[in-house]
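Chemist: Mind looking over this structure? Questions follow.
What follows draws every value from the coordinates through simple rules; no lab data is involved. All values reported here derive from a predicted model rather than from experimental measurement. In this analysis, Cβ positions are derived from the backbone assuming ideal geometry, glycine residues included, and neighbour counts consider all displayed protein chains.
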Amino acid sequence: MLRYPVDSAESNLTGRWDSTLLPTMFASSCVSKKDIGARQLNEKTEGKLVERLKRTMWDLCKWGRETFPGSQPISFGRRNLRDVTQRPYVIGEKSDGERHMLITDNESRGVYLVDRRFNFYRIELHLPNKNHTGLVDTTLLDGEVVEDGHDTDQKTVRFLVYDAVAVDGQCVRDFNLMRRLQAFLEGVLMPRRQLPPEKGAHDAFQVYLKDFFEVTDCDTVMNFGERLPHECDGLIFTPVMPPYIAGTCRQLLKWKPAHMNTADFAVELVMGNTMQEFHVKLLAASEGVQVFQGIWLSRSGPHWQWLTENTRQVNGAIIECNWDPNTYTFVPSDPIHYVETGDWVPGGWQFQRIRTDRTSPNDERVVGRVKKSIADSVTFEELSEYIHKNARPQKVAEMCKMPGWWGKSSGGGDDDDDSKRRKKE
């Protein structure tokens with residue numbers, strides 16, 4: 001196993017809908033910002049600060065758009081089997097958490113969480129420089145907020161870091177993955193670990209670096225994910241040699257069981273003659289605009305009944321849907337005037353949950369790739385068999401040496417006991 005810790009973090013989002021009205025199964029995997037004392041920056045009164053933080057992120061990530069620059073994986077398909085066995089990759093569990101980047105800013109002496117909607121939240125988090133003379137210089141980390149103890153009464157929020165773009169004023173974007181993580185460990189984690197306990201007593205969260213494994217340890221990772229105290233829904237294959245790539249990274253791969261591959265759509269309800277006779281249009285993004293391209297929500301699945309009883313919560317929301325080839329979808333003859341007549345077609349998108357952490361649906365190309373990946377899906381048994389038969393005898397840990405102290409049992413985060421995070425109570 002390739003282990004890397006960090007410190008403590010967490011987060012949540014309050015969308016346009018009152019997520020407290022939703023059953024847990026429908027809510028996004030997010031933690032309340034209020035619970036961690038995070039304060040959202042006001043773009044009207046703090047616009048200059050927000051703009052400076054955005055430009056810093058765009059410059060560090062070499063991102064030419066005015067959007068969130070975080071790296072995004074693509075779905076794993078059969079075409080990728082050769083890639084992960086013939087090129088240097090590491091593997092880790094795919095936590096069902098909430099994606100955030102974390103940035104420090106010395107001018108405002110602040111530490112900020114950044115969500116995918118490009119909202120900035122100031123948090124209390126001690127991140128000293130190596131000399132402990134002040135806040136670490138410009139640092140930009142990538143990770144996700146998870147809530148450990150999802151099936152217990154005791155909850156602990158953590159920020160799992162899985163990449164770094166800049167550390168203590170140095171841009172590490174073009175380094176290989178291991179060098180980026182090493183910079184993070186030496187420039188952020190180690191100085192923080194030297195803090196007296198009382199310094200971090202009121203921090204928003206703890207921070208850890210995610211566990212990484214050799215690709216040939218895929219069976220171990222699957223078992224490992226099942227024992228974690230937070231939800232996991234697949235595997236992530238991270239390329240070792242390329243730089244950090246903003247936006248869609250076609251070398252960064254997410255594997256999920258076919259039935260767990262999902263896409264996010266915007267919802268538009270179309271009413272029939274009665275309140276009970278309605279249909280749901282699913283809108284994807286095209287060149288930044290939400291468009292309807294003939295995709296309807298299937299009137300099936302375990303959560304359809306809940307949707308029919310909560311139309312106010314759903315209309316206009318971003319929802320996550322899974323594709324079920326074994327169901328049927330009703331397609332109206334006329335999507336505007338004659339929604340009571342139409343045809344039942346095989347296959348369909350089923351409602352899973354409202355995404356309170358998103359304000360826009362997936363791009364139409366992403367939706368197409370998700371459907372293709374489902375049709376071209378690889379079972380875990382097939383994946384494991386192929387890897388063990390074809391993986392090159394390479395050890396990533398030996399290719400990219402990490403600091404010697406990594407071999408010690410010093411733990412993976414603030415609490416100095418990584419085993420507490422990796423095993424359920």
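Chemist: Hey, fewest Cβ within 10 Å first, where do Glu66, Glu287 land in order? Could the numbers behind the result be given before it?
Modeler: Working: Glu66 10, Glu287 7.
With the sparsest Cβ surroundings first, the list reads Glu287, Glu66.
Chemist: Moving to a separate point now. Give me Phe213, Phe76, Phe330, Phe205 sorted ascending by neighbouring Cβ count inside 10 Å, so fewest comes first. Mind dumping the intermediate values first?
Modeler: Numbers: Phe213 21, Phe76 24, Phe330 18, Phe205 28.
Arranged by neighbour count, lowest to highest, Phe213, Phe76, Phe330, Phe205 become Phe330, Phe213, Phe76, Phe205.
Chemist: Could you sort out which of Lys210/Lys254; Lys210/Lys256; Lys94/Lys372; Lys256/Lys372; Lys54/Lys256 sit more than 24 Å apart by Cα distance in this structure? Present the calculation step by step, with values, prior to reporting the outcome.
Modeler: Values: Lys210/Lys254 15 Å; Lys210/Lys256 18 Å; Lys94/Lys372 20 Å; Lys256/Lys372 13 Å; Lys54/Lys256 32 Å.
Going by Cα-Cα distance, Lys54/Lys256 fall outside the 24 Å limit.
Chemist: Now for a different question. Give me the compactness ratio for the range 37-117, meaning the Cα radius of gyration over 2.2 N^0.38 Å.
Modeler: Numbers: Rg = 17.0 Å, N = 81, 2.2 N^0.38 = 11.7 Å.
The reported ratio for this selection is 1.45.
Chemist: Another question, then. Could you state the principal axis extents of the C-alpha atoms in the range 260-375, from the largest down, to the nearest angstrom?
Modeler: 35, 28, 28
Chemist: Exposure proxy check: Thr311, Thr329 ranked by fewest other beta carbons within 10 Å? Present the calculation step by step, with values, prior to reporting the outcome.
Modeler: Details: Thr311 14, Thr329 21.
Ranking Thr311, Thr329 by Cβ neighbours within 10 Å, fewest first, gives Thr311, Thr329.
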